[in-house]
Each structure stands twice: as C-alpha cells, then as structure tokens.
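To start, the structure itself, in structure tokens.
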Amino acid sequence: MKLTTLAATALMAASPAMADLVFPDLSYRTGPYAANGIPFSDGYQDYFTLLNERDGGIGGVPTKVIECETGYNTEKGVECYEATKGEGALVYQPLSTGITYQLIPKVTADGIPMHTMGYGRTSAKNGEVFSNVFNYPANYWDGASHAVNHIMSQGDIAGKKIALVYHNSAYGKEPIRTLEELAKKHGFELMLVPVDHPGQEQKSQWLQIRQQKPDNVIMYGWGVMNQVAIQEAANIRYPMENFIGIWWSGSENDVLPAGDRANGYKALTFHNLGDDYPLYDDLRKYVVDAGKAAGAGDQLGTALYNRGMYAAMLAAEAAKTAQEISGEKDLTPALMRDGMEALEMTEAKMAAIGLPGFGPEFKVSCQNHGGNGLGAVAQWDAEAKSWSLITGYEGSDQDVIQALVDEDSAAFAAEAGIEAGCK
Amino acid sequence: MPEQLLFAMEVTLNGLMAGVLYALVALGFVLIFKASGIFNYAQGVMALFAALTLVGIMDGQIPFAHIINAIFGTELHHFGWHVPALLAIILTAGVMVVFAWLVQKFIFSHLVNQEPIILFMATIGLAYFLEGVGDLMWGSDIKKLDVGLPQGINDWIDITTFEVFGYGFFIDNLDISATIVAIILVAALIIFSQYTKQGRALRAVADDHQAALSVGISLNFIWVLVWSIAGFVALVAGIMWGAKSGVQFSLSLIALKALPVLMLGGFTSIPGAIVGGLIIGVGEKLFEFLIGPMVGGATENWFAYVLALLFLVFRPQGLFGEKIIERV
C-alpha cells in the first residue's frame, strides 16, 4: 500500500503540472448598466462551470474564470485587464466598446486575444491589421445592414425616411457611415437622432420623430436609453413593428417596463433565444441545481444570459480548436489566438454541444476575424413575454461593409504603423 | 399657422412638462440645503432607493433574499402577496422616515459644526452606501413600476389642438400627472411651512440655527423631519421617473438633471426650484428644436448647464436664492 502511494506520488511529481485555462470575465454587476451586465456574466461563468462539472474542463484541463468588476467604466476596465493578464488570461471579452478601444493596443502588444462579439471596433474584422482582435460572428455594421435588409424585405425602401436613434457615443455612432452608404445605394433618406447619455429624457427626440414621421426607426441604444425610447415610441403611438433595435437594444430588460405597449418591437440578434435546448438541461442539472450558478439561476434563457453563454461557448470551442491544432492541452494566449483564427462553427458542432440552431454557421480566418456577419430578426411578444425569431440567419451587404472595413483598418494601420499581413 | 411655429409650441409645452419633472428632483436638494446647509449628493440615490422599495413592497419581494438564500440555502423570493399602490406608497414613506432617522442618528449627529465640505463628503459616502444597500435588498434587475398613472398621448389635447390648429399636440398623460402631483406637493409644503408649528420651526432653523436652538427648537428633530420630507419628495420623483424608464440603477442619475435647475433657481428657494425647472425644461427643448439640427443634436445635457452658468454670471445666488453678504 505504502509502495503504491509512493509510486503514485512520484508519478504525479514527474508529470507536468496542468494549469487551469483562465478566462477573465470583465463584468459589471454594479452601476447603471448592472441589469445588463449581470445576466451576461452569469451566462459566461455558468458555461465554464458546466464544462468543469460535466466534462472536467476543456480537453481534461479545468477552466478558471477570474471575475473583475468594471462598472462599465473604461478606466476600471483597463485596470481589470492589467490586474488579470498576468494570471494566464487566454482571452478577454470586455463587453464595452469604450474598454475595447483602450485594450486594442494593449492586447496586441501583450499577445493576448480579445473577442468583442457584436461590439467594439468594427474594422477589427480585418485580421491582417488587428491580429489579436476578433469580432465574430457579426459586428455593428452588419447590424445596420441587417436592419435595412429587413425593411427592404417588407417593401420598396426607395424614397422612405429611416431614422437612426442612437446613443451619442462612439458605439452609437458606429452605424452612421454604413447607413449613409446604404442610403445612397438604396435611395432612402437617413434621419439622425442622437440621444445623450444616459438617455432618461428623450422627449425632444421623439417629438422630432412624431413631427417628421419616419417610416422606420433603427435604434442603437444601451441601458436606460432603450427602455425610455421604447416607452416614448409607445407614447407617440409609433408602430412597433417598424421599430427595430440592434442586439444591444433587444433584451427583456428593454421591453418589459413598457408592458403591453412594447408588443411587436423588433431587435436584431446573432444567436437564438429562450432555453429550449438540450444544453440548458445540463446547465440546470450540473450548475443551477447543484448550487454552483454564478447568479441566482433565474436568468437562463434570457437574451443577455444566452449571449454571455454563447460568448463562453465560442471561447471554449476556440480553446478546443487550439488544443487540436497545437497538440497542447495547456494553452498559452498565443495558442488561443491561433485557435480563434482557425475556429469554424458548424451546425453539426452546435448540435453536438446541445445547441442546435442556436447561432449562425461561420468560419474565421486570418483575413476575416468577423465571421460571416449573419444575423436574424427577433420580435417581442408582450403577452407571452418572450422573443422569437421571425427570420433565419441572413447575410449583410458585404459589398458596402467590406469596403468600409478595408478603409478604416487601413487608416488604423497607417496611424499605428502596422504592416498588414497574416501572422 | 406655420407648421414650424406649431411644432415650437408643442416643444415648449413638453419642455414645461419636463421642467416639472426636473423640479421634483431639485426640490429634495433645496429642502435639505435650506434647513441644514448640506448639499445632499445622495438625493438621486434616495429617489432610486425609494422607488426600489416601493416596487419591492408592491410585488411582495423579500428584502435581502439573495443573502438569506446564500446563507441558509433557502429558495425565498416573494411573500406571495401584492400590496395596493397607495398602501405601498404609505409604507415606503414610512421606510424613508426610518431612513431619515438613521441618517441623522448615525451620520449627521456626529458631524455637528463640521465644515460644509465634510457634510457634502458624508452625503457622497451615503449615496454609495445606499446604492449598495438597495442592490442587496431588492436586486439589480429592472422593475416595472405601475402605480396606476396613465401613460401615453393625451387624446383630448391631441384632438382639441388638431381641431383648432390642424395639428394635434403631443402631451404625455404621465407628464400631466407629474404636474398635478408637483402642484399638490408644493402647495402642501407651503401650507406645512407657513401654518404648522413644525413648519415654522423648520423655517426658524433654516434662518438661524443658533437662534432656533435658543428658543428650544430641537435641531435633531428638525433635521430628521426635513430628511423625511426630502425622502418623500425623492419617492415622488422616483415614481414619476421610474414609471418612464422602469426602476433601475440609472435612476440615481436624475440628480444630474437637477443641478442646473438648482444653479438657476437657487439652492434655498422652493419657488426657485419650480421656476428653474421650467426654464431649464423649456430652454433645453427649444434649443434642441431650433439649434440642435444645426450642430448635430443631443444638446440638452450641456445646454442646461450653459444656461445655468449664464445665470450664475449675472446672479450667483440664482434667481430666487438668498444673497450671501458677509461683513468683516
């Protein structure tokens, strides 16, 4: 017995130590945006907990989530990055465009990948310039194009007036150029309606919409701006079916305060909604019912929980890809980056995970860090208090978007002295 | 009548209504500053806390449920009852009175005779503490607040103005309710301060603490009273703003809307808060309507402060504030 123990101890000492796969979670559970930050973070953490509890981690290596509170504050976000990068962080997902912009040069210099799913700097899609930044499966400009495509699918868009109600920040201004180009291409009139942070008072903006009667309204909002905008739209009796928000304006939080009056409101999404997937049975069994959920366990299936869970799932799949192509179980940030660049999400893979039809199929490459840009439209049913997809995952206008990506990334490369090319 | 003039009239009316909502927040600041010389940084968070408590009571939510569940392994969330809005408002007002007593007992009674900046710093601490307590008690999710106030376009005004001008004006029913509530609130405050013993004592303390003490007025009682009234005003503001956006933590940012109102109307005048609110409301809305399109829009936040600064240059004490004369 003693000999067996001794042999086992010697074997353990001789084996290389298996470090955890570290995934920092730059969350915001406090402050004005906490209601959105909490479900995302819960979904992100619960997925990694599930992998640990059910599968023993990724490829047999346990995962470790380090949570750091940013309060959706850019300075705090950078502090979180600096505080956690030395812990073996494999990939950052800051859930803030402001933090993303600050971290782009840092992650590039430190060789750590960053995934900004549906937010951040859109032209990071060009992987030859932004070697460490990924924004698959879709970006802000794809969103603008999806919204216009959806309007076009309902009738001739030429001669129509389309209003963009946007958060008056770097984030909210992102789709303007794309929409201007699309307006030229399709012959609609674009009306810009900025809303200052935080957006609690929007009477002027909605009076303007009432007076100018745009045919459709597209919204790029976040936080309280969304809830107030939907209330004000209902107040002026703007037809909800003509009001479409980007995915950051499409959570239950945004529509519930308006009650029945929000019925029919539409929002874009790049993943599916609800909890009718086999994976959620496992989440309940191994995480929630086991008392290991990051939060109260009451957010499963909500739009933002699903998005956080989807972000974690894509990170885990990239880590698996990295393990496969490198043959290493213990990953470094550089290997993780390579895994992200080689990531391919197929329907077969999603079905095997327990998420059939949950997200679009896409493939990442050195040239394309943004995936295929597919997105769908969801509509809110106020009575059932649920979102449902009313379209499949459809493409965006890459003729317009790719030209803008090339132009913006070339300008960034020139400014930052980056020589474009594949690593 | 030209279309643009009609639009401007509609914007002006809505500016007046928005001004009332700003004034509701500013009132709480004025009450505390007037009685105790404290600029209460926590007033916005008090509105948030009051609104959270109101929704929590109405929905029968168990306070601190997450902590209780984490410690004892229970699954408690709700009491299982729904409290009518009026009763919930009364209970919430009671909570704000207890809050006022706690603030006086544990913070300001220990800071008597301290510099105003120390008192101001204490209210900053109070704001963050209260925000954290609100989060622990009621959670961070966005809550729908429905106390039965009508919302949406007022059809009578829409139809009447359409018949008169050929263009129907938009006025939100919630804004009309807020205006009526603000009028009742201000009238009640005036009656209270003019015709009740406690109100006169409050005015005496506001005029001169030392003199009030010398005639036997309890400063502790008056400050608890004034924090209670400010708490009730915060509850009213929380209801009005919470009905617009849902009750959520960004509600505390409504204090930002009150600052230019205070700068303009003066920190010590209740009529100043009302008039200041109306001027800021109309000014920012008209500026956005007339000049906004030329400068890219989203002018309201900064224009309110510019307007207030302009007033400060010519009248530092604000429109209705008391002129401070220090003789040496």
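Output the residue which, of all residues in segment A:235-255 that are at the interface with chain B (Cβ under 9 Å from one of its Cβ atoms), part of a helix (DSSP H, G or I) and in contact with a Phe, Trp or Tyr (Cβ under 9 Å, 6 or more places away or on another chain), is farthest from A:N306 (Cα to Cα).
This residue is A:N235.
Could you run through segment A:41-84 and say how many residues are touching a helix residue (DSSP H, G or I) at 6+ places or on another chain (Cβ under 6 Å), part of a helix (DSSP H, G or I) and open to solvent by 10 Å² or more (accessible area, probe 1.4 Å)?
5
Scan segment B:183-222 for residues that are exposed (fewer than 11 other Cβ atoms within 10 Å of the Cβ), on the phi < 0 side of the Ramachandran plot and at pLDDT 90 or above and jot them down.
If the condition is that a residue be exposed (fewer than 11 other Cβ atoms within 10 Å of the Cβ), on the phi < 0 side of the Ramachandran plot and at pLDDT 90 or above, then B:A187, B:Y195, B:K197, B:S214, B:V215 are the ones that fit.
Out of everything in segment A:134-188 that is polar (S, T, N, Q) and under 22 Å from A:I209 (Cα atoms), what residue ends up being most open to solvent (accessible area, probe 1.4 Å)?
Quick first cut of segment A:134-188, residues polar (S, T, N, Q) only: A:135, A:139, A:145, A:149, A:153-154, A:168-169, A:178.
Narrowing further to those that are under 22 Å from A:I209 (Cα atoms): A:145, A:149, A:154, A:168-169, A:178.
Values: A:S145: 1, A:N149: 54, A:Q154: 102, A:N168: 50, A:S169: 32, A:T178: 0 Å².
Out of the qualifying residues, it is A:Q154.
Within segment B:47-96, how many residues are assigned to a helix (DSSP H, G or I), small (G, A, S) and either buried (at least 17 other Cβ atoms within 10 Å of the Cβ) or at pLDDT 90 or above (or both)? Outline the logic, then answer.
Initially, segment B:47-96 is screened for residues assigned to a helix (DSSP H, G or I), giving B:47-58, B:65-72, B:85-96.
Within this subset, residues satisfying the condition of being small (G, A, S) are B:47, B:50-51, B:56, B:65, B:70, B:85, B:88, B:93-94.
Filter once more, keeping what is either buried (at least 17 other Cβ atoms within 10 Å of the Cβ) or at pLDDT 90 or above (or both): B:47, B:50-51, B:56, B:65, B:85, B:88, B:93-94.
Count: 9.
Scanning for something over 29 Å from A:D254 (Cβ atoms) and more than 14 Å from every other protein chain (Cβ to nearest Cβ), does segment B:294-305 turn up at least one residue?
no
Starting from segment A:153-174, take each residue that is away from chain B (no Cβ under 14 Å) and in a loop (DSSP other than H, G, I, E, B) and list its partners that are at pLDDT 95 or above and surrounded by fewer than 23 Cβ atoms within 10 Å (Cβ to Cβ), counting only C-beta distances under 6 angstrom and pairs at least six apart or across chains.
Here the result reads A:I157/A:I151; A:I157/A:H186; A:A158/A:G187; A:K160/A:D215, each pair linking segment A:153-174 to a residue that is at pLDDT 95 or above and surrounded by fewer than 23 Cβ atoms within 10 Å (Cβ to Cβ).
What is the residue count in segment B:250-280 for residues that are open to solvent by less than 10 Å² (accessible area, probe 1.4 Å) and facing chain A (nearest Cβ under 9 Å)?
3
Of the conditions (1) touching a residue at least 40 places away in the same chain (Cβ under 8 Å); (2) within 14 Å of chain A (Cβ to nearest Cβ); (3) out of contact with any strand residue (DSSP E or B) (no Cβ under 8 Å at 6 or more places or on another chain), B:D172 satisfies every one except a single condition; which number is it?
Answer for B:D172: the failing condition is (3).
When B:V112 is evaluated against the numbered criteria (1) away from every other protein chain (no Cβ under 13 Å); (2) in a helix (DSSP H, G or I); (3) open to solvent by 60 Å² or more (accessible area, probe 1.4 Å), which criterion, by number, is the only one it fails?
In the conditions (1) away from every other protein chain (no Cβ under 13 Å); (2) in a helix (DSSP H, G or I); (3) open to solvent by 60 Å² or more (accessible area, probe 1.4 Å), B:V112 misses (2) alone.
Would you pick out the residues in segment A:183-204 that are part of a helix (DSSP H, G or I) and within 8 Å of chain B (Cβ to nearest Cβ)?
Step one: of segment A:183-204, the residues part of a helix (DSSP H, G or I) are A:183-186, A:203-204.
Scanning segment A:183-204 gives A:K203, A:S204.
Could you check segment B:162-180 and list, in sequence order, the residues that are in contact with a helix residue (DSSP H, G or I) (Cβ under 6 Å, 6 or more places away or on another chain) and open to solvent by 40 Å² or more (accessible area, probe 1.4 Å)?
Across segment B:162-180, the qualifying residue is only B:F165.
Given (1) out of contact with any Phe, Trp or Tyr (no Cβ under 6 Å at 6 or more places or on another chain); (2) within 14 Å of chain A (Cβ to nearest Cβ); (3) touching a residue at least 60 places away in the same chain (Cβ under 8 Å); (4) surrounded by fewer than 23 Cβ atoms within 10 Å (Cβ to Cβ), where does B:G37 come up short, assuming only one miss?
(2)
When A:R177 is evaluated against the numbered criteria (1) assigned to a helix (DSSP H, G or I); (2) assigned by TED's automatic domain parsing to the domain that holds A:D408, which criterion, by number, is the only one it fails?
Against the list (1) assigned to a helix (DSSP H, G or I); (2) assigned by TED's automatic domain parsing to the domain that holds A:D408, A:R177 comes up short only on (2).
Hey, can you tell me all the residues within segment B:129-161 that are loosely packed, with under 15 Cβ neighbours inside 10 Å and at pLDDT below 95? Can you show your working first?
Filtering segment B:129-161 for residues loosely packed, with under 15 Cβ neighbours inside 10 Å gives B:129, B:132, B:136, B:146, B:148, B:150, B:155-156, B:159-160.
Residues satisfying the conditions are B:G132, B:L136, B:D146, B:G148, B:P150.
Return the total of residues in segment A:78-136 being of a type in the set (D, E) and in contact with a Cys (Cβ under 7 Å, 6 or more places away or on another chain). Reasoning before the result, please.
So the first thing to find is which residues in segment A:78-136 are of a type in the set (D, E), and the list is A:79, A:82, A:87, A:110, A:128.
Next, from what is left, pick out any that are in contact with a Cys (Cβ under 7 Å, 6 or more places away or on another chain): A:128.
The number of residues fulfilling the criteria is 1.
The values are calculated or read from the model by the stated rules, or taken from the named source; none is laboratory data. It should be emphasised that the depicted structure is a prediction, and the values quoted were computed from it without experimental measurement. Virtual Cβ from ideal backbone geometry, glycine too; neighbours counted across all protein chains shown. Heads up: the accessible areas ignore ligands, DNA and RNA and are worked out on the full protein's heavy atoms, side chains in. Shrake-Rupley method; radii C 1.70, N 1.55, O 1.52, S 1.80 Å.
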